[in-house]
1. Exactly which chymotrypsin sites (Phe, Trp or Tyr not before Pro) in segment 3-72 are in a DSSP loop and have at most 16 other Cβ atoms within 10 Å?
2. If you take the beta carbon distance between K270 and S180 as r and set R0 to 25 Å, what does 1/(1 + (r/R0)^6) give as a FRET efficiency, to the nearest 0.05?
3. Give the relative contact order (percent, whole number) for segment 142-243; include only Cα pairs under 8 Å separated by 6+ residues.
4. Out of the DSSP beta bridges found with both residues in segment 1-120, what percent are antiparallel (nearest 5)?
5. With Cβ to Cβ distances under 14 Å as the rule, what net charge do the other residues near G35 carry (K, R +1; D, E -1)?
6. Counting other Cβ atoms within 10 Å, keep those with at most 16, restrict to DSSP loop, and tell me which chymotrypsin sites (Phe, Trp or Tyr not before Pro) in segment 113-204 are left.
7. In debye to the nearest 20, how big a dipole does segment 123-273 give about its Cα centre with +1 on each Lys and Arg Cβ and -1 on each Asp and Glu Cβ?
8. Pick from S198, S142, S238: which is most flexible by mean-square fluctuation in a GNM of the chain where alpha carbon atoms under 10 Å apart are linked?
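Where a number appears in this text, it was derived from the coordinates with a stated rule and is not lab data. None of the values given here were measured: they were computed from a predicted structure. Note that each Cβ is placed from the backbone with ideal geometry, even for glycine, and that neighbours are counted across all protein chains shown.
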Amino acid sequence: MIRQAIIPLAGLGTRLLPLTSIIPKELLPINGKPGLEYILDECIEAGIKEIILIVSPKKKIIKKYFFNDSFYKKILKKKKDKRIENEYKKILKYKKMIKFVYQNNPIGTGDAVLQAKKLIKDKFFLMVLADDLIINKNCSKSMITVHKKYKCSVMASMTVKRKTVSRWGIYKINRKLYSSNFLISDVVEKPSIKNSPSNKAVIGRYILPKSIFKKLEIQKKGPGGEFHITDAIRALISDDHKFVGHTFSGKYLDCGTMNGYINSSVEISKLFD
Ligand code: G1P
């Protein structure tokens, strides 16, 4: 059973400056609600019971967002407003499920995940990158179904244009499995077009084994001086740990870039037309 999710949130969000000079990118509104709430809702709907948010000391305001009780209580005392009441109830629901862990320096997803080591209870957990919104179909839920079927690690996959491979983690495919799933034989972080093993990209949903912590503990820094989760996954694959790629059917919205972020509100507003 997958009961816990890790969401790394310590990144600087430089691709979204100037918006992120004060506000963490995960709290920026997307069609009227912070991007992070879409991710939390996806996890909850997928059956996740505990969500570990990895924040940096500079992004403490994310914690404040969930622990702003006196503010809500004061307002609700002054006026009975059903909408605000419901918003507060929603925050309280999230609050019950989330735990905070600090990553002091934003030195990569691998290092972020390692900070949650002590809190992970089961053999497998979910990791979600908050920049990657997937709408129309709950990707985490589908991946948990795939995990139950193959009893192994699972990563989300999307076919990308070959000229963009250096933006993503890229899979090397061993063979096709049933339906939209395939067996992964390697994964390379941001390869050049020439060296790219395919045009199937990693999108930010991972079901990872607890044994990844052992790899992360001994991992060396990768390109850009960061500890990439992709490198720890590679190490597991070369130890014969099974990883399945799942080509999800929802629509991907890249909220980590300015154009993608702007477009995400447009796309999500269409859902309510
Ligand atoms: C991260 C991962 C990369 C993945 C991408 C998906 O990269 O390292 O493997 O393809 O997310 O959004 P980043 O967006 O942090 O550069």
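1. Numbers: sites: Y38, Y65, F66, F67, F71, Y72; in loops: F67.
Qualifying residues, ordered by number: F67.
2. 0.55
3. Working: 161 pairs, mean separation 32.1, N = 102.
Taking the mean separation of contacting Cα pairs over the length of segment 142-243, I get 31 percent.
4. Details: 2 of 12 bridges.
Percent antiparallel among DSSP bridges in segment 1-120 is about 15.
5. Numbers: positive: R15, K25, K33, K59; negative: E26, E37, D41, E42, D131, D132, D254, E267.
Net charge around G35: -4.
6. Working: sites: F124, F125, Y150, W168, Y171, Y178, F182; in loops: W168, Y178.
Answer in residue order: Y178.
7. Values: 26 positive and 12 negative charges, 111 e Å.
Once rounded to the nearest 20, the dipole reads 540 debye.
8. Of S198, S142, S238, the most mobile in the Gaussian network model is S238.
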